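The values are calculated or read from the model by the stated rules, or taken from the named source; none is laboratory data. Since we're looking at a predicted model, the values are computed, not measured. Using ideal geometry, Cβ is built from the backbone for each residue, glycine included, and neighbour counts are taken over all protein chains shown. Protein only, heavy atoms only, side chains kept; ligands, DNA and RNA dropped before computing areas. Shrake-Rupley method; radii C 1.70, N 1.55, O 1.52, S 1.80 Å.
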Amino acid sequence: EPRQHLGLPQEASILLYAANAAKSNRFKDYPTVEAAATKVGAASHGQRVIMIVLGEGGTVFPIPNGEIRYIPFVKDRRTTARFYQAADLYVHAARSDTFPNTVLEALASGVPVVATAVDGIPEQIDEGRTGFLVPKGDAEGLASKVVQLISQPRRLRAMGESAAQTAPAKFSLEAQANAYLRFYEQMRQS
């Protein structure tokens, strides 16, 4: 059981954000993640909320009804996978991000994603089915979607199942290679 292995409580809502140097990476938007986690904690009456920031060291940061825990960069893929498996939701705020692997990893792990709608991220998320998109810098919108999902466990589970089914089919190496082949064939014929 991933939560037990990672020392995370079973009954808490676990949110995950993964980014190398999450606080200082100028393309990521850690202040929006922190503000959203604080709002989620405040809105989660009686439900403990733990935001895991994977890829950044630091001491525990308290939020209402919970905390933000910082985990330095992890090289071991199995350990990284356990964090995705332990999460209820993946939260991704960025100022700019081409096509983040972390979003794909969350979806493939069966974890719905709430993210900012920048660059390639909207292509990764099937709005309302595998996650939600909010405007860049919108901590309130991010928090609202997270609270909406963690307060509806059945819907959260259904979105996770959709993510686990569609991500491998849509983003596998074979699917991407076939998309390139179709594109090249169209270019050749025009």
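Antiparallel DSSP bridges in segment 1-144: what percent, to the nearest 5? All intermediate terms of the calculation are to be shown ahead of the outcome.
Working: 4 of 26 bridges.
About 15 percent, rounded to the nearest 5.
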Return the carbon/sulfur percentage of the accessible area of the chain, one whole number, probe 1.4 Å, all protein chains in place.
52 percent
With every protein chain kept in place and ligands, DNA and RNA left out, what is the accessible area per residue of the chain? Probe 1.4 Å, answer in Å².
52 Å²
Gap separating the Cα centres of segment 2-68 and segment 75-145, nearest whole Å:
14 Å
Here the alpha-carbon Rg of segment 83-152 over 2.2 N^0.38 Å rounds to 0.99
Amide H of VAL134: which non-local residues (sequence gap of 5 or more, or other chain) have their own amide H closer than 5 Å, using H built in the peptide plane?
ALA115, THR116, ALA117
Determine the dipole magnitude for segment 1-45: charges of +1 sit on the beta-carbon of Lys and Arg, -1 on that of Asp and Glu, nothing else is charged, the reference point is the Cα centre, and the result goes in debye to the nearest 20.
220 debye
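Per-residue counts of other Cβ atoms within 10 Å, averaged by peptide: what ranking do you get for 87-96, 58-67, highest first?
Details: 87-96: 23.2, 58-67: 15.0.
Top to bottom by mean Cβ count within 10 Å: 87-96, 58-67.
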Modelling each spin label as a point 7 Å along the Cα-to-Cβ direction, I'd like the PHE73/ALA158 distance in nm, to one decimal.
4.1 nm
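Do any GluC sites (Glu not before Pro) in segment 1-66 lie in a loop, going by DSSP, with at most 16 other beta-carbon atoms within 10 Å of their beta carbon, and if so which? Walk me through the numbers on the way to the answer.
Working: sites: GLU11, GLU34, GLU56; in loops: GLU11, GLU56.
The qualifying sites are GLU11.
Set the bar at 20 Å for Cα to Cα. Now go through LYS28/LYS136; LYS23/LYS136; LYS39/LYS75 and name every pair that lies beyond it.
Working: LYS28/LYS136 10 Å; LYS23/LYS136 16 Å; LYS39/LYS75 31 Å.
Flagged as over cut-off: LYS39/LYS75.
What's the FRET efficiency of PHE99 with LEU6 using the Cβ-Cβ distance as r and R₀ = 35 Å, to the nearest 0.05?
0.80
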Between ARG26 and ARG48, how many nm apart are label points set 7 Å from Cα along the C-beta direction?
3.9 nm
Within the P(r) computed for the chain, what percentage of the Cα pairs occupies the region above 20 Å?
53 percent
How far is helix 153-171 tilted off the main Cα axis of the chain, in degrees rounded to 10, range 0 to 90?
30 degrees
